[in-house]
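Inspection log for the structure reproduced underneath, given as C-alpha cells.
No lab work stands behind these numbers, since they all come straight from the coordinates. Please read these numbers as outputs of a predicted model, since none were measured by experiment. Cβ atoms come from the backbone with ideal geometry, glycine included; neighbour counts cover every protein chain shown.
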Amino acid sequence: MDAFAVLSKALGDKTPSSNKELTKVLIEMFSPIMAAMTEVKASVSSFEESLKFHSQGFNEFRSELKTVRQELSEVKKRSLEDERERHQLVKQLRRKEIVDLKQYSRRTNLEPKRVPITEKKDLGQTLHKVATCLSVPLSDHDVHVVHRVPTKGGGLPNIIV
C-alpha cells in the first residue's frame with residue numbers, strides 16, 4: 001500500500017479543510033510510528049552498548065588467549081629442554097653406575113704392572129715368585145683367577161689376580 005492509500009483509509013469520509021486539520025490528522029497518524037521509532041532507537045542504542053561491552057570482553061579474551069598460548073609455548077620449550085637434560089642425566093647416571101659396579105667387582109683384584117712374559121706362561125708361579133720377593137704369604141686358596149689383560153696402548157699385557 002502506498003502512502004496516499006494509507007492516508008485515505010485513515011481519514012475515511014472526512015477530508016481535512018485546512019492545513020491545520022491535515023497536520024493534526026498526520027500527527028495522530030504518525031505519533032504511534034514515532035513512538036515505535038523511539039523505542040527502536042532505544043533498543044538499538046542498548047544493543048550497541050551491549051555489543052561494545054561484549055566486543056571489549058572478546059578482545060580482552062583474545063589478548064589473554066594470546067598470552068596463554070605464548071606461555072604454553074614457552075612451557076613446552078622448557079619441558080623439552082628439561083626432558084633432554086633428564087635423558088642426559090639418566091645416561092650419565094647409568095654410565096656412573098656401570099663404572100661403580102665394575103670398580104666394585106674389582107675391589108679384590110690386584111694388578112701388578114710390567115711383569116715380563118715368560119716362555120712357560122705360568123702366571124701362578126710368577127705370582128708366587130712376586131709374593132716371595134715381597135715377603136707376603138700366599139697360598140693357592142687366596143687366588144681365584146690369574147690372567148693377563150690387554151692394555152689400552154697395546155703394550156705389555158697386565159696381570160689380573
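List the pairs from K24/K52; K129/K152; K96/K121; K91/K121; K52/K76; K102/K129 whose alpha-carbon separation is above 32 Å, in the order I gave them.
Over 32 Å apart, Cα to Cα: K24/K52; K96/K121; K91/K121; K52/K76.
Pull out the extension gain between H54 and S18, defined as 0.36 nm times the separation in residues minus the alpha carbon to alpha carbon distance; nm, one decimal.
7.7 nm
So for the pair K77, H128, with labels modelled 7 Å out along Cα→Cβ, what separation do we get in nm?
Taking the simple label geometry, K77 and H128 are separated by 7.3 nm.
Calculate the FRET efficiency for E85 and S45 from the Cβ-Cβ distance with a Förster distance of 45 Å, rounded to the nearest 0.05.
0.15
When the expected Rg is taken as 2.2 N^0.38 Å, what fraction or multiple of it is the alpha-carbon Rg of segment 3-104?
Its radius of gyration relative to the 2.2 N^0.38 Å reference: 3.08.
Relative contact order of segment 39-161: what whole-number percent is it, with Cα pairs under 8 angstrom and at least 6 residues apart?
Taking the mean separation of contacting Cα pairs over the length of segment 39-161, I get 21 percent.
Residues with beta-carbon under 15 Å from that of T108, excluding T108: net charge, scoring Lys, Arg +1 and Asp, Glu -1?
On the way: positive: K102, R106, R107; negative: E111, D142.
In short, +1.
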